[in-house]
Amino acid sequence: MKNKSVSFTSKIRFVDRPVYKMLEKKNFIDFVHTKPNILKADEFYSEEIRTCTGGGLVNPHKEAEGFHFWDDYTNKKNFPQLVNSLFRFVKSPERGLLVGGKEGDIFPYSLEQFEKFKKVFLERVKNVSLFQQHAFPYSETNYHYSLADDTWTLCSRYRNEKELNFNTVKSLEMLKKCFKKISIAEGDRLFIGKKEILRTDAPEIFK
């Protein structure tokens, strides 16, 4: 008899840019309105999430979908339809991930959009990991998800206005510097490179 109490855990792994670029990736998700912004598949990826909101909904080892939403007025106006589409593809997700958002006068809908998705996700999904608000004016996150091993692979990088080169997240300290708020869902496992970050390493970011 199968144990019905088994709860799968998702892995969230931050890697540097060379490792991310070497990944074999398929099923790209774009943010522009002329292309699909939501995709249900066994594998998918999206790139250059800056002021946008990206992530996905997952029933581990069963089904998954990813998305990348532009923080513009069109998506603000169509927010209910976006939510309906997300939960139509994966109706009862066990886990979710949200990343993105940035503060700035020239992108007024960015944080508003992230907060609205965050509210819906926390209401409708039991376990949600959040990487909320890129802390630097020049910052971005790329992600890849594989249903086969239930793993999110993220590459986040940032720089301030005076720096010429980007800093890619390679340590816990850099991760906490990159985002204003981080929350790892119960059961999710966080890795930076090959090192697992445990609750004892950073109790403030684990639920």
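Restricting the first residue to the stretch 45-69 and requiring it to be over 21 Å from Lys116 (Cα atoms) and open to solvent by 10 Å² or more (accessible area, probe 1.4 Å), which pairs with a second residue that is assigned to a loop (DSSP other than H, G, I, E, B) and of a type in the set (Ser, Thr, Tyr) meet a Cβ separation below 9 Å and a spacing of at least six or different chains?
From the stretch 45-69, the pairs are Asn59/Ser92.
Inspect the stretch 20-28 for any residue being buried (at least 20 other Cβ atoms within 10 Å of the Cβ), in contact (Cβ under 8 Å) with a residue 12 or more places away in the chain and within 25 Å of Gly187 (Cα to Cα) and give the result as yes or no.
Looking through the stretch 20-28, at least one residue is buried (at least 20 other Cβ atoms within 10 Å of the Cβ), in contact (Cβ under 8 Å) with a residue 12 or more places away in the chain and within 25 Å of Gly187 (Cα to Cα).
Being in contact with a Gly (Cβ under 6 Å, 6 or more places away or on another chain) and at pLDDT 95 or above narrows it down to one residue among Leu154, Leu130, Leu98; which is it? Walk me through how you get there before you give the answer.
Numbers: Leu154 fails: in contact with a Gly (Cβ under 6 Å, 6 or more places away or on another chain); Leu130 fails: in contact with a Gly (Cβ under 6 Å, 6 or more places away or on another chain).
Going through Leu154, Leu130, Leu98 in turn, just one is in contact with a Gly (Cβ under 6 Å, 6 or more places away or on another chain) and at pLDDT 95 or above: Leu98.
Could you tell me which of the residues Phe117, Phe121, Phe89 is touching a strand residue (DSSP E or B) at 6+ places or on another chain (Cβ under 7 Å) and at pLDDT below 95?
On inspection, the qualifying residue turns out to be Phe89.
Being open to solvent by less than 60 Å² (accessible area, probe 1.4 Å) and of a type in the set (Phe, Trp, Tyr) is the filter here, so list the residues in the stretch 145-196 that pass it.
Tyr145, Trp152, Tyr158, Phe179, Phe191
State which residue pairs qualify: first residue on the phi > 0 side of the Ramachandran plot and inside the stretch 132-154, second residue of a type in the set (Asp, Glu) and open to solvent by 10 Å² or more (accessible area, probe 1.4 Å) in any location, beta carbons under 8 Å apart, and separation of 6 or more residues or different chains.
Between residues of the stretch 132-154 that are on the phi > 0 side of the Ramachandran plot and residues that are of a type in the set (Asp, Glu) and open to solvent by 10 Å² or more (accessible area, probe 1.4 Å), the close pairs are Gln133/Glu103.
Only one of (1) part of a helix (DSSP H, G or I); (2) surrounded by 20 or more Cβ atoms within 10 Å (Cβ to Cβ); (3) polar (S, T, N, Q) fails for Asn142. Which number is that?
It is condition (1) that Asn142 fails.
The values are calculated or read from the model by the stated rules, or taken from the named source; none is laboratory data. None of the values given here were measured: they were computed from a predicted structure. Neighbour counts run over all protein chains shown; Cβ positions are idealised from the backbone, glycine included. We work out accessible area using only protein heavy atoms, side chains counted, and drop any ligands, DNA or RNA first. Shrake-Rupley method; radii C 1.70, N 1.55, O 1.52, S 1.80 Å.
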